[in-house]
Amino acid sequence: KMTQQMRDLQLAQARKPPGPSSPNAAKRLYRNLSGKFRVNYTSFDEGSLVGRGDKEKLRKSYLFQSNAALFEAVELQDLDRVQEMLKHYSPEELDLNTPNSEGLLPLDIAIMTNNAPIARALLQAGAKESPHFVSLESRSLHLSTLVREAEQRVNQLMAQVVNEAPNTDCSEKEKQLKAWEWRFRLYKRMKAGFEHARVPDAPSSVHLSVASSSSLHVTFWEPLSVNSAVVTKYKVEWSCSPTFSALLGEAVIDKLKDLHFTIQGLVSGTAYHVRVSAYNMKGWGPPQTSMPPFAIPSNWREYDGRAPRRRGQAEALDHLLGQVKTVHQHCICHEPCKNQPQSRKHSVSKSLKHLFHPGSKFLKTLKRGLYLTAIFYKDDNILVTHEDQIPVVEIDDTYSCLLMQDFLWLTKVSCMWDEILWLRQCVTVSQSSCSCILQTRFKMLLAVSQMQGLLGIQDLGQVFFEPVKDKQGNILIVTLKEVKTNQTFESVRWVPICKLQSSRKSVSSPEEPTALDTLLISLQDKLAYHQRSSHALSPGLYLGYLKLCSAVDQIRVLVPEQLPNILCHVKIRSNPNISREEWEWLQKMTSMEEPVPTEPEADRSQNPLFQELQVAIKELMTLVNISLQEAKDFRLYSQEVLDFGDQVSFLLLLPPSDDVCTAPGQNNPYTPHSGFLTLPLQIFELGEER
């Protein structure tokens, strides 16, 4: 009856004919499949050989062939071939969840032949079991029917082969007989696999953690037993009762690439019990309760009712900027600015330059001054002028003020490149009353506007964390931006970086390279820094190490070369949330002025966070080359957890108060050669914001 229902369904839906009748046919089909897909999909795009109706027929034909080839690969238990097809074709192209003429799906065949590797590969690709097997009895009846009909077909063909005289038809019948004998053995093996299977054991482990003040995170692992059929889905249940007498909810997980689930919409401060069950073709197995047995949704902020540090800050800054713009709209400084001469000598100098250089353009050489250069790169190419020079414009040829504060000011301006014109209008420069610093910053804005105008683009990217200097008195401020689209620019073109580096001929001696030469020599390092500084951490809770170094005009912070936009760190766990109970424990530990937990203690072995911190501290101290004996004097920052969005949070490990910041002249063991950088604090803050 089940088989007849399948056939009626296939006729009603105009199902495709059955797949290849023999293993050899399947191999030939699969061997030719990729070439057929490649050639004919191209012709579909070109649209020049066949009409739309023919295209659709061809597409369906190739989809059918890929589906048939996948069925045969599963039936032959060819794991490599199955993985290859899943890699190159989407589930839609493979028609992954459409039954064949026998009412079976590829996953049905894999699990009933107990081929766990193929079944797992199919499950990760999104394969499902046949929805027509609504009960164990229906599946058993269907398999028995397939075995019986295959046996009848074998007997019929065998009688024909024995009774007929040898001829061409007889040879064809022998081929059919071999194919049906093979299929008969397959169905018998599937039937035996189903009959000998049993329900799965409970998941080997279920871990419960607090994800937020309204959610819990459940992670579970496969059953240890390999004697039952392949698990195809899991069920997560939760209740306020330890006996689960009244369920509050359940969820079925059939996407088995990652075995975890987040229970949302829970009540903060309420204890929830969780258990997980596994399912295979024989039904649901026994549940496994979680460890710990229950958890209470909470967040560390609930300890003292603290609001998020950054709540509303972005909106407040936007509002403040809007107010400032409104005040300046009708101010005299809003009128178009003109760069007024600073002295008669300087004015004459500029006038002479303009005689030979009509209009603004990029500079070819540096002649003792402060300059701005923009590095735009895409893959291994860089933007250069038509003279094969990196775009450079002059900021000031009589620069005499301290550079660092003006440089750090420009790095902040880089967060609002599209507001340069407005900033210029707000910075008035008069010959009598303006300071040297204000004049220099106004010139910086002029240079930025000039660079934007010459390139035809507003966003100049990120300012590199230190200027490039030479012994001739030239200073280059460098901006870096990666171009990910085929974008066109004015007055510039793309060239390979290696070609630019090899073709440039320095006008200075090798012992005293110019700032431009130094920039080209170190260009790959700067591009690598720029790419690394945009990398994001994966979700989780991290332990960071705060170490500062002071100088005359700045404070610098220690960061790893591989991720310079974040402190030196190690990952504690994948769950970024610190629960209220965990934060209470940390507060208690710090209030007692206990040393950081570098050695195991028996009375705390049951505290998961304590164990995680032990491992993380040892790993972090090894990373920064500090002995555990020295680390005994370190302390955890207990004022707050540093939250970077909803997915990343940090606990800070601090040296003794006298060692947090290294004073000028003290030995600093951290150099770029040991895998660390020291960035100006303002640069680090901007990188962290990005």
Residues in the stretch 451-501 that are of a type outside the set (Gly, Ala, Ser) and either open to solvent by 20 Å² or more (accessible area, probe 1.4 Å) or part of a loop (DSSP other than H, G, I, E, B) (or both) total 32
Matching residues, the stretch 486-530, being modelled with pLDDT under 80 and within 23 Å of residue 457 (Cα to Cα):
486, 487, 488, 489, 490, 491
Taking the stretch 632-666 as the search range and keeping residues that are closer than 17 Å to residue 583 by Cβ and of a type in the set (Phe, Trp, Tyr), which one is most open to solvent (accessible area, probe 1.4 Å)?
637
Could you say whether any residue in the stretch 182-198 is in a loop (DSSP other than H, G, I, E, B) and open to solvent by 60 Å² or more (accessible area, probe 1.4 Å)?
yes
Would you mention how many residues in the stretch 360-377 are open to solvent by 10 Å² or more (accessible area, probe 1.4 Å) and more than 12 Å from residue 492 (Cβ to Cβ)?
7
Restricting to the stretch 571-588, and then to whatever is aliphatic (A, V, I, L, M) and open to solvent by less than 10 Å² (accessible area, probe 1.4 Å), can you tell me which residue is farthest from the chain's Cα centre (by Cα)?
586
Examine the stretch 126-138 for a residue that is open to solvent by 10 Å² or more (accessible area, probe 1.4 Å), part of a helix (DSSP H, G or I) and under 22 Å from residue 74 (Cα atoms), and state whether such a residue exists.
no
Among what's in the stretch 106-125 and is surrounded by fewer than 24 Cβ atoms within 10 Å (Cβ to Cβ) and either within 17 Å of residue 259 (Cα to Cα) or free of Cβ contacts under 8 Å to residues at least 40 places away in the same chain (or both), pick the residue that is farthest from the chain's Cα centre (by Cα).
116
Being among the basic types (Lys, Arg), closer than 26 Å to residue 196 by Cβ, in the same structural domain as residue 188 (by the TED database) and touching a residue at least 12 places away in the same chain (Cβ under 8 Å), is that true of even one residue in the stretch 79-87?
no
Within the stretch 215-269, how many residues are open to solvent by less than 30 Å² (accessible area, probe 1.4 Å) and among the small types (Gly, Ala, Ser)?
7
Kindly list, by first and then second residue, each pair from a residue in the stretch 278-292 that is within 17 Å of residue 238 (Cβ to Cβ) to a residue that is among the β-branched types (Val, Ile, Thr) and surrounded by fewer than 20 Cβ atoms within 10 Å (Cβ to Cβ), limited to pairs with Cβ atoms under 7 Å and residues at least 6 apart or on different chains.
284/199
Quick test for you: out of 551, 528, pick the one residue that is of a type in the set (Gly, Ala, Ser), open to solvent by less than 60 Å² (accessible area, probe 1.4 Å), in the same structural domain as residue 384 (by the TED database) and over 30 Å from residue 270 (Cα atoms).
528
Looking at (1) closer than 29 Å to residue 118 by Cα; (2) in contact (Cβ under 8 Å) with a residue 12 or more places away in the chain, find the lone condition where residue 214 falls short.
(1)
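The values are calculated or read from the model by the stated rules, or taken from the named source; none is laboratory data. It should be emphasised that the depicted structure is a prediction, and the values quoted were computed from it without experimental measurement. Counting neighbours? That spans all protein chains shown, and the Cβs are built from the backbone with ideal geometry, glycine included. With ligands, DNA and RNA removed, areas are computed over all heavy atoms of the protein, side chains included. Shrake-Rupley method; radii C 1.70, N 1.55, O 1.52, S 1.80 Å.
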